[in-house]
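Have a look at the structure below before the remarks.
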There are 2 protein chains.
Amino acid sequence: MSEPRERLYLDDLRVGQRFTSATHAVTVEQIVASAAEFDPQPFHMDPEAAKDGFFGELVASGWHTAAITMRLQVESGLPIAGGIVGAGGELSWPAPTRPGDVLHVESEVIEIKPSRSRPERGMITVRSETRNQRGDVVQKLMVKLVVPRRAR
Amino acid sequence: MSEPRERLYLDDLRVGQRFTSATHAVTVEQIVASAAEFDPQPFHMDPEAAKDGFFGELVASGWHTAAITMRLQVESGLPIAGGIVGAGGELSWPAPTRPGDVLHVESEVIEIKPSRSRPERGMITVRSETRNQRGDVVQKLMVKLVVPRRAR
């Protein structure tokens with residue numbers, strides 16, 4: 001965990017605002033443990049069997065990459081007041097996460113929309129890229145988040 | 001794990017084909033453990049603190065719902081030859097997953113596209129809905145999957 005940061009309300013955000021998270025080092029043990037629980041396929045669990053699989057080597061489940069991204073966003077990425085509450089979005093994995101990768105997340109606020117019906121909140125759209133130590137993008141996410149407004 | 005099922009190649013699939021997974025019962029312990037690792041926010045980890053949070057009660061992280069969905073798809077949902085290899089898609093969480101929910105996944109093949117450049121494979125688009133025991137949709141996913149063709 002990093003030091004406490006100021007938490008931002010809808011009123012504090014602006015389009016184009018950028019955030020960069022801390023890093024997370026991915027190990028083969030993390031990849032296999034996550035896959036055993038949530039994506040038990042040979043190319044995520046068994047280095048030998050993975051050689052014959054789609055990727056030709058052991059790689060992380062895309063959902064593991066998504067989960068690591070979320071942890072980085074919560075702890076050091078997006079300092080949103082009220083927490084990070086996502087309604088959904090578009091997700092892609094242009095390249096796999098591999099053992100030894102060191103990931104971080106770069107985010108940009110794309111849109112800010114106060115709610116018409118709920119004056120105490122609004123929605124923002126955030127585009128994030130999760131990158132490895134070589135700069136390769138392992139996940140792109142365009143997500144809509146619910147953000148509270150400052151109390152008047 | 002269910003009994004072994006026939007694995008389907010691109011050539012075996014047709015638009016409109018449907019699949020229904022087995023069920024998974026979600027416990028408060030699972031929700032808190034998943035959140036502690038990947039989405040450490042009070043409304044996913046602490047039933048008391050969650051009363052003051054966005055949802056007014058403890059709910060699962062959307063990424064936990066996604067991970068449960070993936071496990072159901074791998075073990076009993078989509079019997080794709082070569083495994084379930086996703087390139088990305090659109091995701092939304094219309095309602096939260098709560099402790100005690102029993103989830104299953106309903107899927108439908110929406111599109112089938114043989115690859116022009118790679119004759120040994122193609123892409124399919126699958127729309128899935130993850131539903132709880134009341135039929136509420138807790139996740140919608142429209143995902144593109146890489147699927148091998150039968151060897152000639």
Q.
Taking the condition of being aliphatic (A, V, I, L, M) and surrounded by fewer than 22 Cβ atoms within 10 Å (Cβ to Cβ), how many residues in region A:134-144 meet it?
A. 2
Q: Would you mind telling me which numbered condition in (1) out of contact with any Ser or Thr (no Cβ under 9 Å at 6 or more places or on another chain); (2) in contact (Cβ under 8 Å) with a residue 24 or more places away in the chain; (3) at the interface with chain A (Cβ under 7 Å from one of its Cβ atoms); (4) not basic (Lys, Arg) B:GLY83 fails?
A: (2)
Q) With B:GLY82, B:GLY135 as the choices, which residue is in a loop (DSSP other than H, G, I, E, B), closer than 16 Å to B:ARG7 by Cα and not hydrophobic (A, V, I, L, M, F, W, C)? A) B:GLY82
Q) Would it be correct to say that A:GLY88 is on the phi > 0 side of the Ramachandran plot and in a strand (DSSP E or B)? A) yes
Q. Taking region B:12-36 as the search range and keeping residues that are within 30 Å of B:ARG121 (Cα to Cα) and of a type in the set (Val, Ile, Thr), which one is nearest to the other protein chains (Cβ to nearest Cβ)?
A. B:THR20
Q: For region B:37-45, state whether one or more residues are more than 11 Å from the chain's Cα centre (by Cα), more than 10 Å from chain A (Cβ to nearest Cβ) and at pLDDT below 95.
A: no
Q.
Whether any residue in region A:56-79 is of a type outside the set (Gly, Ala, Ser), over 18 Å from the mean Cα position of the chain (by Cα) and surrounded by 17 or more Cβ atoms within 10 Å (Cβ to Cβ) is what I want to check.
A. yes
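Rundown of residues vs (1) among the polar types (S, T, N, Q); (2) at pLDDT 95 or above; (3) part of a strand (DSSP E or B); (4) under 11 Å from the mean Cα position of the chain (by Cα), yes/no style:
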site	(1), (2), (3), (4)
B:PRO94	no, yes, no, no
B:VAL105	no, yes, yes, yes
B:GLN139	yes, yes, yes, yes
B:ARG150	no, no, no, no
Q: Within region A:34-43, identify whether any single residue is exposed (fewer than 15 other Cβ atoms within 10 Å of the Cβ) and touching a residue at least 12 places away in the same chain (Cβ under 8 Å), and answer yes or no.
A: no
Q. Can you tell me which residues in region B:114-133 are surrounded by 12 or more Cβ atoms within 10 Å (Cβ to Cβ) and either among the hydroxyl-bearing types (Ser, Thr, Tyr) or within 22 Å of A:GLY62 (Cα to Cα) (or both)?
A. B:SER115, B:ARG121, B:GLY122, B:MET123, B:ILE124, B:THR125, B:VAL126, B:ARG127, B:SER128, B:GLU129, B:THR130, B:ARG131
Q: Exactly one condition in (1) part of a strand (DSSP E or B); (2) crowded, with 16+ Cβ neighbours inside 10 Å is not met by B:GLU111; state its number.
A: (2)
Q.
Checking the conditions here, which among B:ASP52, B:ASP11 is free of Cβ contacts under 8 Å to residues at least 60 places away in the same chain and on the phi < 0 side of the Ramachandran plot?
A. B:ASP52
Q) Applying the selection to region A:53-73, what residues are at the interface with chain B (Cβ under 10 Å from one of its Cβ atoms) and farther than 30 Å from A:THR20 by Cβ? A) A:GLY53, A:PHE54
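The values are calculated or read from the model by the stated rules, or taken from the named source; none is laboratory data. Keep in mind that what you see is a predicted model, and the values were worked out from it rather than measured. Neighbour counts run over all protein chains shown; Cβ positions are idealised from the backbone, glycine included.
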